[in-house]
1. For the chain, set up a Gaussian network in which alpha carbons nearer than 10 Å are linked by springs, and say which option among Asp29, Asp68, Asp113 fluctuates the most.
2. Rounded if a/c is under 1.5, else prolate if a/b is larger than b/c, else oblate: which is region 1-123, with a ≥ b ≥ c the root eigenvalues of its Cα gyration tensor?
3. Rg and Dmax of region 153-199, using alpha carbons, in Å: what are they?
4. If you take the square roots of the eigenvalues of the alpha-carbon gyration tensor of region 13-75 and sort them as a ≥ b ≥ c, do you get rounded (a/c under 1.5), prolate (a/b over b/c) or oblate?
5. About the Cα centre, and with charges only on the beta carbon of Lys, Arg (+1) and Asp, Glu (-1), how big is the dipole of the chain? Nearest 20 debye, please.
6. Hey, in the GNM for the chain with a 10 angstrom Cα cutoff, which one of Ile165, Ile35, Ile186 fluctuates hardest?
7. Which FRET efficiency value, to the nearest 0.05, is calculated for Gln16 and Asp47 with the Förster distance at 41 angstrom and r the Cβ-Cβ distance?
8. Please work out the Cα center distance from region 144-199 to region 6-66, rounded to the nearest Å.
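The values are calculated or read from the model by the stated rules, or taken from the named source; none is laboratory data. Note that this is a predicted model, so its numbers are computed, not measured. When we count neighbours, we look across all protein chains shown, and the Cβ atoms used for this are built from the backbone with ideal geometry, even at glycine. These accessible areas exclude ligands, DNA and RNA; they are computed on the full protein's heavy atoms, side chains included. Shrake-Rupley method; radii C 1.70, N 1.55, O 1.52, S 1.80 Å.
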Amino acid sequence: GYDYFPYEVGQYRVYQTHVINYNIDGSVDSADYQIKEIVVDKGLVEDDTTFRLERYKRVNESDAWVKDSVWSARINTYTAIVVEHNVPIIKLSFPVEENRKWDGNAMNTRDYDEYKMINVNQSYQLEGDEFFQTLEVYRGDSLDPEKIVEDDYHVEVFSRGVGLIHKKDIKLQYDYKHPGDTVEGIVFEQNLIETGEEL
């Protein structure tokens with residue numbers, strides 16, 4: 001399953017991102033932008049193969065890329081880890097298998113957060129494109145059909161030989177006195193739109 005987490009120096013991935021913030025004062029902010037992630041270096045850290053990821057941001061294709069942050073990713077026999085804003089998170093656990101579970105926060109000081117892998121080696125449709133071998137990782141799949149309490153839904157989809165192709169986070173608190181009214185929270189969605197190699 002290591003090829004669900006492929007990184008090589010020179011690779012890049014571009015994601016279309018959509019974010020909606022529901023603020024406690026009742027206002028709503030939204031943003032659309034693109035993120036480009038480039039693998040710029042590779043090394044070994046305590047026997048883990050480690051990659052330096054430079055991330056760039058722009059509003060749309062007509063804008064220039066602006067450096068946003070530096071992340072890293074590393075892989076070993078049992079786990080694939082991404083360090084996001086200096087917080088290591090276990091994204092995948094090996095070997096990949098249906099219903100595999102692990103604590104995504106086992107490498108940091110945050111509370112236990114169960115991740116679960118499903119639909120291993122299944123096809124996945126994304127924006128009209130079909131990826132033939134994918135897996136889905138959930139760390140919360142609770143959606144309130146009545147919109148009374150909260151939605152707590154988080155999924156990442158990985159494609160064999162490609163890596164992360166889709167991410168969606170929904171964390172919304174509802175007004176139980178007025179079902180359907182959002183008190184506060186966020187909806188974040190990111191879809192892969194381009195891959196390639198830097199010349």
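1. Maximum fluctuation in the GNM of the chain, among the listed residues, is at Asp29.
2. Values: a/c = 1.76, a/b = 1.28, b/c = 1.37.
The shape class here is oblate.
3. 16.3, 57
4. Values: a/c = 3.88, a/b = 1.86, b/c = 2.08.
Here region 13-75 falls in the oblate category.
5. Numbers: 21 positive and 40 negative charges, 89 e Å.
Charge dipole of the chain: 420 debye, to the nearest 20.
6. Highest fluctuation among the options: Ile186.
7. Details: r = 36 Å, r/R0 = 0.87.
Once the sixth-power term is evaluated, E becomes 0.70.
8. 16 Å
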